[in-house]
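Read through the structure below, which is laid out as structure tokens, and then see the notes.
The values are calculated or read from the model by the stated rules, or taken from the named source; none is laboratory data. Model, not experiment: these values are computed from the prediction. Here the Cβ positions follow ideal geometry from the backbone for every residue, glycine too, while neighbour counts run over all protein chains shown.
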Amino acid sequence: MAILVSTTSVAGQRYPEEKASSMNVFRAGWVLGLLAAPPVSATQKTILINDTLTANADKLKVNNPAQHTGRIAGWRFGDYAVATSKQGPVKTTTRQNFFNSKADSSTSEKFSFVLTNKTMDSAMVNAARNSKVQLLRGLQLGNGWSLGADEMVRESDNLAAFITINRDTSDTWAFFLGVTGSPSYTGFLTNGERRITLAVASSNRNALDLSGWPALGYEFLEDGRSLGAIQYIGGLWRPAQFVWLDRNLDARTKLLLAAVMTAVLQMNRPS
């Protein structure tokens with residue numbers, strides 16, 4: 001099965017994939033932003049999505065769930081909820097060179113969950129997340145003196161998952177979402193016949209404009225049609241997480257998208 005890298009789009013505009021890496025920069029700056037008081041304009045915002053999706057989908061509020069040891073968060077929105085889940089330990093490995101001027105840190109974790117709807121259909125998801133950071137450090141000269149400053153030169157955050165609906169292994173879907181500082185951005189969902197791509201979405205008309213702490217998310221596209229969207233953060237201090245699913249989709253596709261959106265929520269949950 002060939003995997004083709006797609007371009008990203010925001011509110012009907014298309015951008016080269018490499019520019020979407022600014023999402024990674026925003027994630028890195030998010031924690032630093034929490035240390036400062038937010039402007040009034042950063043309270044709560046909503047991503048811009050395709051007009052046809054707005055007209056054909058309900059805006060579903062995502063709950064703000066707790067997370068317990070050995071399980072993922074209990075995500076729930078609309079008719080969909082996490083019924084059971086497992087989360088393995090987070091493993092972090094750090095390597096440094098002889099002069100302690102370069103450090104590479106890798107973090108990995110695995111999790112699985114079953115998402116159900118009101119008719120008790122189920123989507124089984126097995127996922128693995130891998131994050132890597134490469135840091136160049138200033139050279140410590142002693143007596144409080146140093147040469148240069150710490151600088152992050154490379155970062156990647158990848159999520160891969162396999163999804164089956166109602167234990168039907170004859171129709172297994174693969175999902176991949178990756179953001180790296182190469183720069184590169186890739187997001188897609190496929191079963192070998194159908195291919196659904198993810199496009200970066202923002203409350204700013206230009207997704208590359210990170211001013212004002214915009215809401216961030218993804219829109220799901222297939223053959224030019226917007227099937228749904230997810231907002232995983234919206235405005236500083238306000239999670240404001242929402243989901244949109246086209247009402248005209250069949251129940252199986254809705255459950256599939258809801259399962260992938262749940263994995264995206266878990267990926268972007270603060271540590």
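Couple of notes before you dig in:
- First in region 190-203 and over 19 Å from residue 47 (Cα atoms), second anywhere and among the hydroxyl-bearing types (Ser, Thr, Tyr) and modelled with pLDDT of 95 or more, Cβ under 8 Å, 6 or more apart: 191/172; 196/190
- Residue 86 fulfils the conditions (1) exposed (fewer than 15 other Cβ atoms within 10 Å of the Cβ); (2) outside any strand (DSSP E or B); (3) modelled with pLDDT of 95 or more except for a single criterion, (2).
- Positions within region 225-263 being β-branched (Val, Ile, Thr) and either surrounded by fewer than 19 Cβ atoms within 10 Å (Cβ to Cβ) or more than 17 Å from the chain's Cα centre (by Cα) (or both), in sequence order: 253
- Per the conditions (1) more than 15 Å from residue 64 (Cα to Cα); (2) in contact with an Asp or Glu (Cβ under 8 Å, 6 or more places away or on another chain), the sole criterion not satisfied by residue 267 is (1).
- So residue 155, is it part of a strand (DSSP E or B), modelled with pLDDT of 90 or more and surrounded by 15 or more Cβ atoms within 10 Å (Cβ to Cβ): no
- Residue count for region 107-144, restricted to those that are in a strand (DSSP E or B) and modelled with pLDDT of 85 or more: 20
- Here residue 174 qualifies as under 18 Å from residue 111 (Cα atoms), at pLDDT 95 or above and either in contact with a Lys or Arg (Cβ under 9 Å, 6 or more places away or on another chain) or hydrophobic (A, V, I, L, M, F, W, C) (or both).
- Some residue of region 69-77 being at pLDDT 50 or above, among the aromatic types (Phe, Trp, Tyr) and buried (at least 16 other Cβ atoms within 10 Å of the Cβ): yes
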